[in-house]
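Working notes, beginning with the structure itself.
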Amino acid sequence: MLRNATLAALALIALSSLPGAQGTRPFDRDAEKWVQSTLSRLSVDEKVGQMIVSSFQTSFMSTDSSEFDELVKAVHQYKVGGFHVFGGTERVPQVLLNPTYGAVTLGQPLEAASIVNRLQAISPLPLLNTADFEAGVGFRIAGATAFPRLMAFGAAREERLAHEAGRITGEEARALGVHVNFAPVVDVNNNPRNPVINTRSYGEDPQLVGRLAAAYVRGLQSAGVSATLKHFPGHGDTDVDSHLGLPIIRHPRERLDQMELPPFRAGIAAGADAVMTAHIEMPALDPAPKTPTTLSQPIVQGLLRKDLGFGGLIYTDSMGMAGVTAIYSAGEAAVRAIAAGNDVVLHSPDDGAAFAALRDAVKAGRIPEAQVNRSVERILRAKARAGLHRNRLVNLDAIATVLGTRRNQAVADEVSQRSITLVRDEKNLVPMKVARDAQVLYLSVLDFPSNWRIAAPSRTFIPELRKRWPNVTSVELSDRTSASEIELVRAMAPRYDAVVASVFVRAGSASGRMDLAPPLQRLLVDLARRRPLVTVFFGNPYVATFMPDLPAIMLTYDFYDRAEASAVRALAGEAAIGGRLPIELPGLAKVGSGLDRAVAASTAAK
């Protein structure tokens with residue numbers, strides 16, 4: 001019966017005339033009536049389900065598959081209030097000695113929207129769907145617009161660009177059926193050893209972070225997508241990845257008021273609809289040991305609700321992260337999160353356990369039903385604000401006209417180019433002045449060669465470099481490069497007229513790594529003494545502090561093709577350079593540092 005009902009409901013999609021993605025509608029009398037009437041008829045089970053957001057990946061998924069059956073189960077049995085839209089993954093061998101396979105892939109836009117429509121068709125209530133589109137929809141979904149990491153916006157320092165990025169991301173997200181974006185990141189990255197925020201932050205100046213975040217919030221929500229300030233109350237000054245453990249921030253409340261909280265206040269003042277709590281421990285705010293913010297009533301209900309006056313939706317960070325799972329079971333963690341004051345449990349490692357535990361906790365009085373009613377009312381209000389009480393489906397035919405348009409891509413290009421920061425150029429090497437027929441040695445220097453499935457390093461840099469200087473020899477180095485191979489590169493470098501090195505170092509979630517191998521650092525410093533060397537840093541900018549003697553240092557704060565193309569244009573003098581450091585590079589450069597370079601005369605004359 002369940003399968004027949006599901007297939008019948010899905011058939012309605014093919015018979016419907018689906019309008020395009022809907023923006024935010026005014027919250028009118030009909031919307032309020034829908035919220036109140038819906039809330040009044042929900043059972044405890046249905047209310048609890050609304051407070052759970054499950055997830056799916058956006059590779060092709062047949063309706064007649066075990067994977068889709070699990071999503072149907074989440075809708076009908078656990079009565080979830082929405083789904084988190086991930087990208088894709090593929091199976092890889094779990095092997096030692098050569099663990100270089102990358103499992104993460106981008107999702108597919110039509111499949112994402114198709115799954116959303118199928119789930120919306122079978123759900124008794126409209127689903128409020130979420131995603132991590134921090135750097136644009138293209139950050140997760142193929143073909144959509146991918147913006148540079150937020151630190152690049154900090155280097156460009158333009159609120160206009162942050163607003164436009166938000167607006168474009170919102171329009172593309174709504175086209176896929178996503179209504180809540182877990183962005184902007186408003187963490188102030190003032191710890192160079194932060195392994196999880198890093199370039200995901202606008203920078204280390206709380207005022208700059210607040211201004212750019214507020215602009216992004218206004219842009220995103222103008223397109224009908226709720227903005228989410230994260231990770232409350234501030235994940236910027238940690239040196240532990242909460243995917244792998246529980247970070248502890250020991251600063252007093254006075255310091256938090258000065259550094260961590262101002263961007264949250266700015267985002268709330270800009271009207272952000274949601275806040276995400278972090279899996280971090282803050283003894284100054286809650287002395288209970290091993291109590292992540294996510295599970296802390298003094299922080300969620302006290303600081304966020306009462307002190308900051310936030311009345312919108314509060315999401316937990318992913319409940320599958322070790323900052324929580326190492327302490328509590330899925331069910332107990334969900335109960336503690338809601339009891340603390342969160343409205344929504346996100347991405348539990350066991351939706352069924354979370355649902356059962358929450359239901360039992362409400363019936364036993366551990367969680368007051370009045371509190372549940374307030375949370376569910378906020379959730380329903382967010383759904384009505386998104387217009388889901390009127391139309392919950394998206395138009396698959398419209399996706400190709402909304403995602404990844406040339407106009408959208410042009411904005412991302414502008415951000416990328418304006419963010420390029422020339423930190424040092426002692427020998428006036430940038431732009432490069434070697435002749436077109438010069439012999440150029442290009443070194444693609446990686447932290448480690450694993451998990452580059454989405455953005456293979458230098459795949460754009462090399463062909464773009466060869467367009468300007470055809471005689472390029474390219475070599476890839478990493479922590480797996482042998483000593484003899486490093487010596488070979490050192491020996492061959494003097495034969496070339498110039499050497500360009502691109503350094504790719506990630507501060508990636510759950511990797512536990514964020515450095516370049518010392519032998520590679522020594523090689524670059526040594527080469528700089530022998531030949532003209534320009535070093536371009538992709539990703540973690542703090543890596544440059546380990547090689548302060550390099551003569552020419554350029555930062556991009558990003559990965560992917562766009563950053564590589566922008567860097568080559570800057571090297572060739574085809575684009576002006578004017579980015580400013582949004583962070584301090586200890587021992588190397590202060591916040592706001594950056595050299596200016598105009599477009600090269602030879603290029604401008606063309």
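The values are calculated or read from the model by the stated rules, or taken from the named source; none is laboratory data. Keep in mind that this is a model prediction, so the values were computed, not measured. Ideal geometry is used to build each Cβ from the backbone, glycine not excepted, and the neighbour counts take in all protein chains shown.
For this structure, a couple of remarks:
- Criterion (crowded, with 18+ Cβ neighbours inside 10 Å, modelled with pLDDT of 95 or more, basic (Lys, Arg) and more than 30 Å from residue 90 (Cβ to Cβ)) met by exactly one of 381, 407: 381
- Residue match in segment 527-537 (condition: within 26 Å of residue 148 (Cβ to Cβ) and either part of a loop (DSSP other than H, G, I, E, B) or without any contact (Cβ under 8 Å) to a residue 12 or more places away in the chain (or both)): no
- Any helices (runs of 4 or more DSSP H) falling wholly within segment 164-274 and containing at least 1 residues that are closer than 30 Å to residue 387 by Cβ and within 14 Å of the chain's Cα centre (by Cα): 206-222
- Residue list for segment 287-328, restricted to those being in contact with a helix residue (DSSP H, G or I) (Cβ under 8 Å, 6 or more places away or on another chain), within 22 Å of residue 47 (Cβ to Cβ) and outside any helix (DSSP H, G or I): 310, 311, 312, 313, 314, 316, 319
- Here the condition is being surrounded by 16 or more Cβ atoms within 10 Å (Cβ to Cβ), in contact (Cβ under 8 Å) with a residue 24 or more places away in the chain, hydroxyl-bearing (Ser, Thr, Tyr) and more than 25 Å from residue 248 (Cα to Cα); of 296, 375, it holds for 375 alone.
- Selection of helices (runs of 4 or more DSSP H) fully inside segment 46-163 by the criterion of at least 1 residues being closer than 30 Å to residue 562 by Cα returns 109-122, 150-156.
- Qualifying position, being surrounded by fewer than 22 Cβ atoms within 10 Å (Cβ to Cβ), farther than 15 Å from residue 567 by Cα, modelled with pLDDT under 95 and not aliphatic (A, V, I, L, M), among 390, 453: 453
- Taking segment 40-57 as the range and being buried (at least 17 other Cβ atoms within 10 Å of the Cβ) and of a type in the set (A, V, I, L, M) as the test, the residues that pass are 42, 48, 51, 52, 53.
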